[in-house]
1. Return one number: the angle in degrees, 0 to 90 and rounded to the nearest 10, between the long axis of the Cα atoms of helix 45-55 and the longest principal axis of the Cα atoms of the chain.
2. Averaging over every viewing direction, what projected area does the convex hull of the Cα atoms of segment 84-153 cover, in nm²?
3. Tell me which residues come under 5 Å, amide H to amide H, from residue 59 once H is placed; ignore anything under 5 positions away on its chain.
4. If you count, for each residue, the other Cβ atoms within 10 Å and average over each peptide, how do 67-74, 91-98 line up from highest to lowest?
5. In straight Cα distance, which lysines are under 17 Å from residue 122, not counting same-chain residues fewer than 8 positions off?
6. Binning every alpha carbon pair distance of the chain at 5 Å from zero, what are the percents per bin?
7. Given the rule -39500 (n - 2.57) for each run of at least 4 DSSP H residues, summed and divided by the residues of the chain, what is its mean residue ellipticity at 222 nm, to the nearest 500 deg cm²/dmol?
Amino acid sequence: MLFDVLLLVLLCHNHRLVGNVLCLINVSKNGVSEKEIQEVLGVSGEVFCQLFRWLGPLVVVRRGLMSLQYEGCKDVVEFVYMSNAAVFEGVCRSLIGYFDGLKRRKIFNSRVLEELPWLLEKIHDFEQLKDCLTNLDFFEAVLTSPISHLLKL
């Protein structure tokens with residue numbers, strides 16, 4: 001069943017774009033939102049609706065974030081689309097760029113506060129992670145946010 005669904009998705013006429021969305025979902029900590037996909041990949045709302053229809057059987061939406069519905073999907077996405085470290089890092093960097101852009105504009109929502117440090121740690125970019133965490137505005141936002149309980153002070 002899962003293999004059949006994945007095969008149908010991979011055979012859709014825009015499988016590269018579908019693959020890009022699956023990769024973004026796969027590398028994120030908590031999933032990705034419609035807006036994040038549109039911004040990172042530069043797709044319109046109409047294209048996103050088509051993507052969502054193709055991905056429907058593979059994703060679940062919780063609190064506005066799409067994540068992969070089955071653990072097996074993660075393995076297949078990694079095998080098919082992210083078989084080398086450079087591709088994995090590139091996908092992570094595309095999301096990092098999006099969240100870092102929000103941080104630079106001093107938009108410190110829970111998505112930025114959770115995803116940005118997590119992605120930087122995931123690709124072992126400890127210099128940028130240090131810069132992120134030592135940014136006083138970012139740090140203050142973390143301390144005053146609902147995720148502050150995650151800090152071990």
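Taken together, the values in this text are just the output of simple stated rules run on the coordinates, not laboratory data. Not measured: the values here are computed from a predicted model. Using ideal geometry, Cβ is built from the backbone for each residue, glycine included, and neighbour counts are taken over all protein chains shown.
1. Result, in degrees: 70.
2. 4.6
3. Under 5 Å from the amide H of residue 59: 69.
4. Taking the mean over residues of other Cβ atoms within 10 Å, the ranking is 91-98, 67-74.
5. 29, 74, 130
6. With 5 Å bins starting at 0, P(r) equals 2, 9, 19, 21, 19, 13, 9, 6, 2, 0, 0.
7. -20000 deg cm²/dmol
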